[in-house]
Amino acid sequence: RAVMYHAEREEIYHAWQQSEHHLNQAMQTIDQMAAVSDDEEPARPSPALLRAKQFYERLAQTDGPPLRTALAYCRLGKIQERLGDQQAAHASYQEAIARWEKLSEDWPDRPDYRSQLQEGRQRLQSLASHAPP
């Protein structure tokens, strides 16, 4: 019985890892599709950018792993900033920062978490410096 339980557990873990890998690939593809094109007008965002925004809004609202949620809020903030929605971008960056802070505390041996935290703080500061008076 214990052997079956261990085998099932390993199978579930492997399936979860594959699912996370596929989701990360999808996120990279979405980011590439929503990238700024040279002919994009600021007043007319591409449909891909709007779909990417919807994707990250849904992903941020799911009860997923903390890393995935922090990434979703960060990417959502970047998209909102590109769309000119500074207030929403500010809120998304703040949420991402809070999540990166928690991850950095829980995993102090992960310098990439601290790096993401720093990037989030810089984006928030840049957003505030470009805000109208």
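The values are calculated or read from the model by the stated rules, or taken from the named source; none is laboratory data. As the structure is a prediction and not an experimental result, all values here were calculated from the model. When we count neighbours, we look across all protein chains shown, and the Cβ atoms used for this are built from the backbone with ideal geometry, even at glycine. Areas reflect the complete protein model, heavy atoms only, side chains present, ligands, DNA and RNA absent. Shrake-Rupley method; radii C 1.70, N 1.55, O 1.52, S 1.80 Å.
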Karplus ³J(HN,Hα) for region 74-91 (6.51 cos²θ - 1.76 cosθ + 1.60, θ = phi - 60°; Hz, whole; x = Gly/Pro) runs 5, 5, 5, x, 4, 5, 4, 5, 4, 7, x, 8, 4, 5, 5, 4, 4, 5
In whole percent, the fraction of accessible protein surface over the chain that belongs to carbon or sulfur atoms, probe radius 1.4 Å, stands at 53
Rounded to whole Å², per residue accessible area for the chain with a 1.4 Å probe reads 70
Among 46, 92, 19, which one shows the biggest mean-square fluctuation in a GNM of the chain, springs joining Cα atoms closer than 10 Å? 19
Most mobile listed residue (117, 76, 23) in the chain, GNM with C-alpha springs under 10 Å: 23
Enumerate the residues in region 65-101 having an amide nitrogen under 11 Å from the point lying 7 Å beyond the Cα of residue 31 toward its Cβ. 71-72, 74-76
For region 4-101 the translational diffusion coefficient, Stokes-Einstein from a Kirkwood Rh over Cα pairs at 25 °C and viscosity 0.890 mPa s, in µm²/s, is roughly 167
With x for Gly and Pro, the residue-by-residue ³J(HN,Hα) of region 92-101, computed from phi through the Karplus equation 6.51 cos²θ - 1.76 cosθ + 1.60 at θ = phi - 60° and given in whole Hz, is 5, 5, 4, 5, 4, 4, 4, 6, 5, 4
